[in-house]
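First the structure, in the form of structure tokens, and then the observations on it.
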Amino acid sequence: MTIDSQQQKTSKFRWGEMDEDDDHGLKTVIEYKFNDEGNKVKVTTKSRVRKLASARLNKRAMERRSWPKFGDAASDDSGSSLTMVSTEEILMERPRAPGAKDESKAAGDSLSQLSKGGAVLMVCRTCHKKGDHWTSKCPYKDLSAPADVFVDKPTTGETSTVSAAPGTGKASYVPPSMRAGADRSAGGSDMRRRNDENSICVTNLSEDTREPDLMELFHPFGAVTRVYVAIDQKTGMSRGFGFVNFVSREDAQ
Amino acid sequence: MRPILMKGHERPLTFLRYHRDGDLLFSCAKDDTPTLWYADNGERLGTYRGHNGAVWCCDVSRDSSRLITGSADQTAKLWDVKTGQQLFSFKFGAPARSVDFAVGDKLAVITTDPFMEHTSAIHVKRIAEDLEDQTDDSVLILQSPNGRKTINRAVWGPLNQTIVSGGEDAVIRIWDAETGKLLKETDEEVGHKKPIRSLCKSADDSHFLTGSRDKTAKACLWDMRTLTLIKTYTTGVPLNAVSMSSLLDHVVLGGGPDASEITTTEHRAGSFDAKFYDKILQEEFGSVKGHFGPINALAFNPDGRSFSSGGEDGYVRLHHFDADYFNIKI
């Protein structure tokens with residue numbers, strides 16, 4: 001006895017009908033019908049049949065299946081809404097090592113070891129919670145952070161050295177003209193150049209992971225410019241991997 | 001896996017029990033109707049109408065013909081499983097908390113709460129095969145030394161020679177089932193520190209698992225004849241329910257903070273989980289989220305291929321394991 005989670009089309013072969021099973025268990029049925037206006041129409045139905053459970057029932061259990069319903073259930077019909085299959089796939093999650101995120105589906109210890117320690121003497125003015133970077137290096141630049149970081153980049157070279165930050169000294173005062181996206185375009189091109197170095201490949205994602213999930217997951221580590229999740233067009237599910245681009249390379253570490 | 005959600009109860013779940021063949025699931029809740037479900041697709045089969053208060057516990061006979069339920073309306077009732085008809089009602093002076101059929105289904109142990117002038121007690125009742133002979137008399141009544149504390153669970157020991165009880169005083173006691181004498185008690189250093197909320201026997205009656213609300217939230221395995229602590233499982237939440245798999249060496253633990261602490265502890269929706277531990281290695285290897293409230297009841301299907309959990313949210317979630325559950329290596 002199997003419980004199907006979706007409709008199954010009968011597989012009778014008629015002219016113009018095709019049944020296909022591909023490896024994901026996706027069934028594609030193509031029918032040619034005449035619609036109301038008398039035009040010939042091609043109807044493609046894709047369905048996924050999933051066995052939820054198979055009950056191997058012994059003789060007594062088979063008898064029990066034909067018991068009449070009693071009590072409050074006597075008025076239950078087969079369309080009773082009391083019982084429903086969860087719309088979400090719930091996985092048995094492995095317990096995470098301490099220091100990593102709870103819902104982390106990402107491989108890579110580099111992320112779990114992202115240290116918030118280091119020489120934290122100065123609290124960034126733009127994102128007061130995080131204290132591991134100077135205001136000029138704040139990844140949350142769009143929160144009225146100084147845009148002089150963009151100016152800094154060509155001059156100081158690689159931004160991966162955090163120790164260079166105190167040296168800039170421009171962290172203290174930011175002229176209004178340089179705040180809040182004044183030089184965005186210039187900064188943008190700078191960032192694009194360094195994007196490949198700031199990008200992380202994330203693997204071992206679950207089937208229903210999407211871009212917003214990755215965004216949410218990596219956002220606490222630093223500002224994220226771009227997320228991408230590889231999606232299989234046929235099934236609509238993630239192929240199990242994706243990319244995350246950070247603003248700065250140190251966040252990606 | 002895709003859990004099957006069953007919302008038949010309006011109030012929090014209190015207990016879940018599979019019958020011996022594993023195709024029926026009985027659920028008890030704080031509303032007064034214990035419910036019978038098919039264990040493969042979660043379809044509701046029937047409800048047992050007759051109680052007037054929260055139903056705390058149930059047990060089903062080996063041939064799955066009789067159901068016994070214990071309720072806060074101061075009765076324990078015997079039902080015909082198939083028709084839902086009430087066969088007999090045992091009356092007590094206090095709410096009945098825990099029920100358990102003996103091996104052979106000729107006796108049942110029922111615990112009652114401390115209530116007004118009554119102290120908590122364990123009653124042994126005879127179950128007659130023929131209904132006509134059924135009486136309300138107790139074969140034996142055991143009084144707990146700590147009478148003002150509820151005995152949450154009492155079960156039969158191997159071969160019905162002993163009765164094992166655990167309750168709010170955090171002590172597990174073994175009683176002789178014939179004479180009623182207290183045989184063994186756990187001592188303070190080794191035992192639980194906080195109320196014991198649940199007790200689960202192994203399939204072969206050689207050991208049992210207790211879940212407690214102590215801060216370390218450990219579940220202890222005790223060898224029945226000698227009452228020695230074998231294993232301890234530490235979780236981060238006070239436990240309300242425990243269950244053991246009869247197929248693999250796994251135990252599942254579930255619980256949650258008390259209602260009074262809920263608002264002060266951080267919880268996201270769907271974040272109460274059932275934790276799976278390796279029985280021998282004592283390590284957690286998995287957790288299954290989904291409940292919106294603390295988990296109050298857990299039960300493994302006797303075939304070990306599925307389990308169900310009941311929560312404070314009134315939902316019963318029935319999970320059939322994926323193939324990779326059976327291949328989990330620590």
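The values are calculated or read from the model by the stated rules, or taken from the named source; none is laboratory data. Remember, predicted model here, so these are calculated numbers, not experimental data. No Cβ is skipped: glycine too gets one built from the backbone with ideal geometry, and neighbour counts run over all protein chains shown. Side chains are part of the model used for accessible areas, which takes the heavy atoms of the whole protein and leaves out ligands, DNA and RNA. Shrake-Rupley method; radii C 1.70, N 1.55, O 1.52, S 1.80 Å.
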B:Lys77, sole failed condition from (1) open to solvent by less than 10 Å² (accessible area, probe 1.4 Å); (2) assigned to a strand (DSSP E or B): (1)
Verdict on B:Gly42 being within 28 Å of A:Lys59 (Cα to Cα), in a strand (DSSP E or B), within 7 Å of chain A (Cβ to nearest Cβ) and not aromatic (Phe, Trp, Tyr): no
Strands (runs of 3 or more DSSP E) contained in the range B:267-329 and holding at least 3 residues at pLDDT 85 or above, farther than 22 Å from B:Thr232 by Cα and touching a Lys or Arg at 6+ places or on another chain (Cβ under 9 Å): B:306-311, B:316-320
Pick from the range B:199-226, criterion open to solvent by less than 10 Å² (accessible area, probe 1.4 Å) and touching a Pro at 6+ places or on another chain (Cβ under 8 Å), ranking: modelled with the lowest pLDDT: B:Ala217
Some residue of the range A:31-40 being within 8 Å of chain B (Cβ to nearest Cβ), modelled with pLDDT of 80 or more and assigned to a strand (DSSP E or B): no
Test: residue in the range B:94-110 that is part of a loop (DSSP other than H, G, I, E, B), buried (at least 21 other Cβ atoms within 10 Å of the Cβ) and of a type in the set (Val, Ile, Thr): no
Members of the range B:111-155 that are of a type in the set (Lys, Arg) and surrounded by fewer than 20 Cβ atoms within 10 Å (Cβ to Cβ): B:Arg126, B:Arg148, B:Lys149
Condition check for B:Asp63: in contact with a helix residue (DSSP H, G or I) (Cβ under 7 Å, 6 or more places away or on another chain), of a type outside the set (Lys, Arg), surrounded by fewer than 22 Cβ atoms within 10 Å (Cβ to Cβ) and within 13 Å of chain A (Cβ to nearest Cβ): no
Residue list for the range B:316-330, restricted to those being of a type outside the set (Val, Ile, Thr) and either within 10 Å of chain A (Cβ to nearest Cβ) or buried (at least 24 other Cβ atoms within 10 Å of the Cβ) (or both): B:Arg317, B:Leu318, B:His319, B:His320, B:Phe321, B:Asp322, B:Asp324, B:Tyr325
Subset of the range B:82-114 (residues that are among the polar types (S, T, N, Q), in contact with a Lys or Arg (Cβ under 8 Å, 6 or more places away or on another chain) and within 14 Å of chain A (Cβ to nearest Cβ)): B:Gln86
Residue pairs meeting the criteria (Cβ under 9 Å; at least 6 apart or on separate chains; first within 12 Å of chain A (Cβ to nearest Cβ) and buried (at least 19 other Cβ atoms within 10 Å of the Cβ), in the range B:277-296; second assigned to a strand (DSSP E or B) and among the polar types (S, T, N, Q)): B:Val288/B:Ser309; B:Gly290/B:Ser309; B:His291/B:Ser309
Single residue of B:Thr47, B:Thr75 found to be closer than 21 Å to B:Ile163 by Cβ and of a type in the set (Val, Ile, Thr): B:Thr75
The one condition in (1) assigned to a strand (DSSP E or B); (2) modelled with pLDDT of 80 or more; (3) under 26 Å from B:Asp59 (Cα atoms); (4) within 19 Å of the chain's Cα centre (by Cα) that B:Tyr233 fails to fulfil: (3)
Subset tally (residues that are crowded, with 20+ Cβ neighbours inside 10 Å, closer than 24 Å to B:His320 by Cβ and without any contact (Cβ under 8 Å) to a residue 60 or more places away in the chain) for the range B:42-58: 5
Leading residue by the ranking (nearest to B:Pro34 (Cα to Cα)) among those in the range A:41-81 that are modelled with pLDDT under 80 and charged (D, E, K, R): A:Asp76
All positions within the range B:28-37 that are farther than 18 Å from B:Leu78 by Cβ and either facing another protein chain (nearest Cβ under 7 Å) or open to solvent by less than 10 Å² (accessible area, probe 1.4 Å) (or both): B:Ala29, B:Trp37
